[in-house]
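Worksheet for the structure shown next.
The values are calculated or read from the model by the stated rules, or taken from the named source; none is laboratory data. These figures come from a predicted structure and were not determined experimentally. Every residue, glycine as well, gets a Cβ built from its backbone with ideal geometry; the counts of neighbours run over all protein chains shown. The accessibility values were calculated without ligands, DNA or RNA, using every heavy atom of the protein model including side chains. Shrake-Rupley method; radii C 1.70, N 1.55, O 1.52, S 1.80 Å.
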Amino acid sequence: MINIGIIGGSGYTGGELIRLLLNHPKANINFIYSTTRAGKDITTAHPDLLGQTDLKFTGDVNLNVDLVFLCLGHGNSTTFLTQNSFSSNTKIIDLSNDFRLHNDAILNKKEFIYGLPETNKDKIKTANYIANPGCFATAIQLALLPLAKANILHNSVHINAVTGSTGAGVKPSDSTHFSWRNNNVSWYKPFTHQHLGEIGESLMSYNYEIGELLFLPQRGNFARGIFATAYTKYKGSLEDAYELYTNFYADAKFTNVSNTEIHLKQVVNTNQCHLHLHLHNGNLLVTSAIDNLLKGASGQAVQNMNLMYGFNEDEGLKLKASAF
């Protein structure tokens with residue numbers, strides 16, 4: 001058993017992390033830190049856990065736990081780690097974007113490894129500090145990495161991805177209000193989304209030039225999930241493309257290449273990523289679907305924890321989608 005602390009446990013990613021760890025056979029939640037809910041029952045923020053735990057939020061931090069998850073807003077993890085010095089034996093998995101880019105990966109001599117298991121598994125296994133990938137970044141990288149490795153991603157890539165309202169976090173805003181989001185679709189941050197940086201670094205890690213990434217994020221009128229489509233010029237056959245993808249993901253525990261069209265309900269409430277390929281007049285269309293809170297955040301964080309501690313990669317993550 002490993003003793004675990006959670007920093008910022010009242011948000012969506014914190015709640016999903018608690019749910020997963022409560023059912024993980026080798027994890028013990030030592031504390032769940034919150035500045036706004038200290039002393040209150042966990043179920044005041046996460047009523048879906050009613051009857052499953054009597055844990056309470058705390059305002060105290062145990063600096064000697066085996067592992068701490070940081071579920072803080074972007075920019076806040078750096079501040080928190082500067083103000084709180086964890087034991088040198090404490091491993092850290094950060095779910096913000098503070099340490100994902102190469103230039104941001106080191107803080108106070110702690111080097112954060114980019115935690116995408118499909119490409120960085122060996123480094124994750126020996127790491128003490130992990131920068132968990134972003135949700136859009138996970139879906140899009142998994143759609144494009146096989147092409148980058150094969151050195152055939154030189155042309156522009158057009159990417160459209162729609163995400164559920166939980167991607168905006170638990171704090172209400174104009175664009176997450178029910179009466180605005182319901183029966184509505186809109187785009188935001190066109191061609192400038194913050195996840196483009198980590199996507200580009202991962203694709204270029206194979207030392208090949210890549211074409212321009214034209215990414216249009218969209219808000220969907222549903223709660224959770226990301227459905228992404230990416231298309232680019234491709235000279236091979238569809239059979240060649242499928243061989244490329246199935247070989248690339250042959251050892252990937254949670255990434256599946258489907259011969260039939262995919263949809264979002266296949267992955268919601270799971271740590272799976274589903275991919276599908278379609279070829280039309282020399283354009284390869286790659287469709288990718290994940291749950292933004294699981295494979296895009298807390299599920300992938302637990303997957304990284306499993307790798308760091310030598311557990312089975314799918315320990316605590318054998319989840320079934322609610323397809324109907």
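Quick notes
- Filter result for the condition that a residue is of a type in the set (Ser, Thr, Tyr) and open to solvent by 70 Å² or more (accessible area, probe 1.4 Å), over Thr36, Thr43: Thr36
- All conditions in (1) within 18 Å of Leu264 (Cβ to Cβ); (2) touching a His at 6+ places or on another chain (Cβ under 9 Å); (3) open to solvent by less than 30 Å² (accessible area, probe 1.4 Å) hold for Thr163, with the sole exception of (2).
- Residues being more than 22 Å from Thr229 (Cβ to Cβ), in a loop (DSSP other than H, G, I, E, B) and either among the basic types (Lys, Arg) or touching an Asp or Glu at 6+ places or on another chain (Cβ under 9 Å) (or both) - total across the range 152-199: 1
- Selection count, the range 52-81, where residues are part of a loop (DSSP other than H, G, I, E, B) and within 19 Å of Arg37 (Cβ to Cβ): 12
- One residue from Lys40, Lys26 being among the charged types (D, E, K, R) and either modelled with pLDDT under 95 or under 24 Å from the mean Cα position of the chain (by Cα) (or both): Lys26
- Candidate set from the range 92-106 (those that are out of contact with any helix residue (DSSP H, G or I) (no Cβ under 6 Å at 6 or more places or on another chain) and open to solvent by less than 60 Å² (accessible area, probe 1.4 Å)); member that is nearest to Leu196 (Cα to Cα): Asn97
- Of all residues in the range 97-140, exactly one satisfies the criterion of being of a type in the set (Gly, Ala, Ser) and more than 29 Å from Phe191 (Cβ to Cβ), namely Ala127.
- Of the residues Leu145, Leu153, the single one that is closer than 18 Å to Gly282 by Cβ, touching a residue at least 40 places away in the same chain (Cβ under 8 Å) and open to solvent by less than 70 Å² (accessible area, probe 1.4 Å) is Leu153.
- Of the residues making up the range 2-12, those that are at pLDDT below 95 and either open to solvent by 40 Å² or more (accessible area, probe 1.4 Å) or assigned to a strand (DSSP E or B) (or both) number 1.
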